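Remarks on the structure that follows.
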Amino acid sequence: MKKILIILVALFSFLYVKADVIKMQSTEFALKLYDYETQSWNDWSDWKDCSVLIVINTDNDTFTIYSSQIQQYDIYKYGDQGVSDGQDGKFWYFDCVNEDGLRCAVRLRIQSDGARQLYVDFSDASWVYNVYIK
């Protein structure tokens, strides 16, 4: 009986995991769209000031962006992590699906000086936020 109790206590202590939640605040936003007529991507728009809360919850495998329309992205696959972008930064990749069931990619870029950007990439649109950790 003692062995069973010890095993159960050990099992439950290993199963307890604290949720990993990261909160970020945006400072700027830019957008680019795919032009089906020319079959090419437009240039990035100019940066626009914005203040949006972004929450990454790895325990629930979600990204939530609290813009004027709340954006929820469920992570279905954790991609390559810490990949060099060849420009003094690294990317963390996440394959996601939005609330409408559309697949997208979310990328977190961290430069060597600590600057961060969060990209949301669909097949016909991409947007990026300049962010900092709250």
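Okay, here's what the table says:
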| item | result |
| --- | --- |
| Global geometry of the chain, whether rounded, prolate or oblate, following the gyration tensor of its Cα atoms and the 1.5 cut on a/c | prolate |
| Portion, in percent, of the accessible area of the chain that falls on carbon or sulfur, probe 1.4 Å | 54 percent |
| Local net charge near K77, Cβ-Cβ under 12 Å (Lys/Arg +1, Asp/Glu -1) | -3 |
| Percent RCO, i.e. relative contact order, over region 25-134, from Cα pairs under 8 Å lying at least 6 residues apart | 25 percent |
| Degrees separating the helix 2-15 axis from the principal Cα axis of the chain, which is the longest one | 10 degrees |
| Long-range lysine pairs (8 or more apart or interchain), the chain, Cα under 29 Å | 19 |
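The values are calculated or read from the model by the stated rules, or taken from the named source; none is laboratory data. What you are looking at is a predicted structure, and each value in this text was computed from that prediction instead of being measured. Virtual Cβ from ideal backbone geometry, glycine too; neighbours counted across all protein chains shown. To get the accessible areas, we keep the full protein, side chains included, count just its heavy atoms, and leave off ligands, DNA and RNA. Shrake-Rupley method; radii C 1.70, N 1.55, O 1.52, S 1.80 Å.
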